[in-house]
1. Would you mind finding the one in 35, 71, 97 that is part of a helix (DSSP H, G or I), surrounded by 11 or more Cβ atoms within 10 Å (Cβ to Cβ) and free of Cβ contacts under 8 Å to residues at least 24 places away in the same chain?
2. Cβ contacts < 6 Å: first residue part of a loop (DSSP other than H, G, I, E, B), restricted to segment 105-124; second residue surrounded by 10 or more Cβ atoms within 10 Å (Cβ to Cβ) and modelled with pLDDT of 70 or more, any location; separation 6+ or different chain. Result?
3. Suppose we filter 48, 52, 43 for residues that are out of contact with any helix residue (DSSP H, G or I) (no Cβ under 8 Å at 6 or more places or on another chain), more than 30 Å from residue 94 (Cβ to Cβ), surrounded by fewer than 16 Cβ atoms within 10 Å (Cβ to Cβ) and modelled with pLDDT of 90 or more; which single one remains?
């Protein structure tokens, strides 16, 4: 029995705690909260869940959490808003540069298109005339 929650088929042979993280918007800590709320043992494998447990999980996830398509749309909308109001973060998104204050002198070179080639080191000078 393949378990589908919010349009995602979660893996059968993994622990339910880890399987829930396959849903976009649910990480490990959120998965633990959901399992505590539904009183399901986190060590249970997905294939061992009863239909009742699956329905409990589905109701809580679809009712209380923003996941998958809705969450992706919200994130894209937030980025679009930042770009439209010309905020610093929006400009960084437009230029495809790091947004959260990371340094760019040494890191994120490939993003900037500045791939440094190694110079020909240890080259012997040409033979001198005597």
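The values are calculated or read from the model by the stated rules, or taken from the named source; none is laboratory data. Everything numeric in this text was worked out from a predicted model, so none of it was measured. When we count neighbours, we look across all protein chains shown, and the Cβ atoms used for this are built from the backbone with ideal geometry, even at glycine.
1. None of the others qualify; the one that does is 35.
2. That search, which allows pairs on different chains as well, returns 108/98.
3. Only one candidate qualifies: 52.
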